[in-house]
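The next block holds one structure in the form of structure tokens; read it before the comments.
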């Protein structure tokens, strides 16, 4: 489906002005230099895998470049997160899955963001992410280097209402649904949820399909590699698959 098939004024505007309206911001070049340095790094670190595991880089000791190559979201996705956050003037953001912090820096960059809390279970990866945050809106970012299942509920209660959640951690059906259920009481009508890798596995596809059926979700957008969820009460319930 493309923009000419969109009849809802809201989704038409969101698609044209947020999803498709890609642009460069001066800060992005510095973040992308960090991405390049990670992709070229020959450093090896001990990895504690807290998620669904890696089908590409197995083992405890891994090269930073390999983790970055197969684990970092494309820059295109990172820029989209930035635009979505700007579009809803999100102040409080939760990221489940920091990795090396590239997405985190894009997420924290908009001036509207007051706080980003991000979870990374692996100590060595968290250490690199914290170093990367230096000078990039680092005062806004709180990195929690503990398993999500141990600290998510406590963190949500402390934050209160959350404007945007990025689910990019344990890519299993069970974990995705569990984290979604835990976060749901803390969102509001104007909050947005973003799920990464919604078709990465049968389990992720199943989770996405179940989330789409939730009665209080009014709009979902499937961009093939990620899904966007809205709760706006003035929208008719629709599920879109859009070219990007």
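The values are calculated or read from the model by the stated rules, or taken from the named source; none is laboratory data. Note that the coordinates shown come from a computational prediction; the quantities given were computed from them, not determined experimentally. Quick reminder, even Gly has a Cβ in these numbers, built from the backbone with ideal geometry, and neighbours come from all protein chains shown.
Tabulated results
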{"read-out": "Neighbours by Cβ (under 6 Å, 6+ apart or cross-chain): first from region 123-146, in contact (Cβ under 8 Å) with a residue 24 or more places away in the chain and on the phi > 0 side of the Ramachandran plot; second buried (at least 17 other Cβ atoms within 10 Å of the Cβ) and part of a helix (DSSP H, G or I)", "value": "137/108"}
{"read-out": "Lone unmet requirement of (1) surrounded by 21 or more Cβ atoms within 10 Å (Cβ to Cβ); (2) at pLDDT below 95; (3) at positive phi for residue 62", "value": "(3)"}
{"read-out": "Residue that is surrounded by the fewest Cβ atoms within 10 Å (Cβ to Cβ), among those in region 187-203 that are under 20 Å from residue 73 (Cα atoms) and in contact with a strand residue (DSSP E or B) (Cβ under 8 Å, 6 or more places away or on another chain)", "value": "197"}
{"read-out": "Hits in region 104-119 (condition: part of a strand (DSSP E or B) and within 12 Å of the chain's Cα centre (by Cα))", "value": "116, 117, 118, 119"}
{"read-out": "Count of region 6-21 residues which are without any contact (Cβ under 8 Å) to a residue 60 or more places away in the chain and touching a helix residue (DSSP H, G or I) at 6+ places or on another chain (Cβ under 9 Å)", "value": "2"}
{"read-out": "Test: residue in region 20-28 that is surrounded by 11 or more Cβ atoms within 10 Å (Cβ to Cβ), farther than 16 Å from residue 110 by Cα and modelled with pLDDT of 95 or more", "value": "no"}
{"read-out": "Failed criterion for residue 240 (all others in (1) under 18 Å from the mean Cα position of the chain (by Cα); (2) modelled with pLDDT under 95; (3) part of a strand (DSSP E or B) hold)", "value": "(1)"}
{"read-out": "Candidate set from region 80-103 (those that are out of contact with any helix residue (DSSP H, G or I) (no Cβ under 7 Å at 6 or more places or on another chain) and part of a helix (DSSP H, G or I)); member that is farthest from residue 185 (Cα to Cα)", "value": "86"}
{"read-out": "Residues satisfying the stated conditions in region 125-139, i.e. surrounded by fewer than 19 Cβ atoms within 10 Å (Cβ to Cβ), part of a helix (DSSP H, G or I) and touching a strand residue (DSSP E or B) at 6+ places or on another chain (Cβ under 9 Å)", "value": "127, 130"}
{"read-out": "Odd one out for residue 175, checked against (1) crowded, with 18+ Cβ neighbours inside 10 Å; (2) not in a helix (DSSP H, G or I)", "value": "(2)"}
{"read-out": "Selection within region 116-136 - more than 18 Å from residue 47 (Cα to Cα) and at pLDDT below 95", "value": "134, 135, 136"}
{"read-out": "Check on residue 236, out of contact with any helix residue (DSSP H, G or I) (no Cβ under 7 Å at 6 or more places or on another chain), more than 27 Å from residue 74 (Cβ to Cβ) and in contact (Cβ under 8 Å) with a residue 24 or more places away in the chain", "value": "yes"}
